[in-house]
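The values are calculated or read from the model by the stated rules, or taken from the named source; none is laboratory data. Since we're looking at a predicted model, the values are computed, not measured. Note: ideal-geometry Cβ built from the backbone for every residue, glycine included; neighbour counts use all protein chains shown. SASA here: full protein model, heavy atoms, side chains in, ligands and nucleic acids out. Shrake-Rupley method; radii C 1.70, N 1.55, O 1.52, S 1.80 Å.
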Amino acid sequence: MSNDTAEAASDEAGMEIYGAWGAVLPDQTRAQMAVVGSDDQFVVIHRTGEGRWDSLAVAFDEEAAKRTADLVTRMTRMPEYLRIGGDGVGAGLDTDHPGVEWVVPTAVVDDPDPIVRITGPGTDRLWAVPSTDGEVVGLLNPDGDPREIAEFTSGAAADAFIGMVDALFALNGSRGFAEGSGSH
């Protein structure tokens, strides 16, 4: 979906697009993800190849949808980041830090110490985390208020989100065929 296509779809369906991105996954499949809203419903959607769009997560409100889109856009453009966690949202269930979290500096800092480069003047954080009851899988913005911004539709949906964000980070700041940010 190009920005023109996204804007046309937005106009036709009465849908607002807060952010849209594209990347190639490790298995060489093209994938797209977007944060959209319509009729007071705000979702993160995803598709691979020319497949249909699937809902990955439901944002709690418009502010949370905008924050999700903004964080994905800003964070994946940073040249350095820290990724905490294993392959998927179920990683580290018995640890103090389950799921997968990405941490990036809020500004690029030229320093030989990697800790200073990552923490810089501050950090942005995004964390896909399983719940203790095993049924709710959440997306957190630990530095934000409120920190809970979305609920994934399933563990597999959270893993698809993790795979897509990892693929966006793998672009090393290049936008590849990424869609950028839509209208706010």
Please enumerate the residues belonging to region 41-52 that are out of contact with any helix residue (DSSP H, G or I) (no Cβ under 6 Å at 6 or more places or on another chain) and either in a strand (DSSP E or B) or in contact (Cβ under 8 Å) with a residue 12 or more places away in the chain (or both).
GLN41, VAL43, VAL44, ILE45, ARG47, THR48, GLY49
For region 106-157, the count of residues that are closer than 19 Å to THR95 by Cα and β-branched (Val, Ile, Thr) equals 4
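Mind telling me which of the residues PRO112, PRO146, PRO142 ends up being over 19 Å from ARG77 (Cβ atoms) and modelled with pLDDT under 90?
Details: PRO112 fails: modelled with pLDDT under 90; PRO142 fails: modelled with pLDDT under 90.
Criteria check complete, one pass: PRO146.
From the set of residues in region 53-79 that are free of Cβ contacts under 8 Å to residues at least 40 places away in the same chain and either in a helix (DSSP H, G or I) or in contact with a Cys (Cβ under 7 Å, 6 or more places away or on another chain) (or both), which is most open to solvent (accessible area, probe 1.4 Å)? Don't jump to the end; show me each part of the working.
Step one: filter region 53-79 for residues free of Cβ contacts under 8 Å to residues at least 40 places away in the same chain, giving 53, 61-63.
Then keep just the ones that are either in a helix (DSSP H, G or I) or in contact with a Cys (Cβ under 7 Å, 6 or more places away or on another chain) (or both); that gives 62-63.
On the way: GLU62: 75, GLU63: 107 Å².
Ranking the candidates gives GLU63 first.
Of everything in region 80-105 that's farther than 14 Å from GLY163 by Cα and touching a residue at least 24 places away in the same chain (Cβ under 8 Å), which residue is farthest from the chain's Cα centre (by Cα)? Write out each step before concluding.
To start, the set of residues in region 80-105 that are farther than 14 Å from GLY163 by Cα comprises 80-82, 92-98, 103-105.
Retained after the next criterion (residues that are touching a residue at least 24 places away in the same chain (Cβ under 8 Å)): 80-82, 93, 98, 104-105.
Numbers: GLU80: 16, TYR81: 14, LEU82: 15, LEU93: 21, PRO98: 17, VAL104: 13, PRO105: 16 Å.
Per the stated criteria, the residue is LEU93.
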Output the residue which, of all residues in region 106-142 that are under 17 Å from the mean Cα position of the chain (by Cα) and among the polar types (S, T, N, Q), is most open to solvent (accessible area, probe 1.4 Å).
THR106
Answer yes or no: is there a residue in region 154-161 that is free of Cβ contacts under 8 Å to residues at least 24 places away in the same chain, of a type in the set (Gly, Ala, Ser), under 22 Å from ILE45 (Cα atoms) and part of a loop (DSSP other than H, G, I, E, B).
yes
Only one of (1) among the polar types (S, T, N, Q); (2) more than 13 Å from MET164 (Cα to Cα); (3) part of a loop (DSSP other than H, G, I, E, B) is not met by GLN28, so which one is it?
(2)
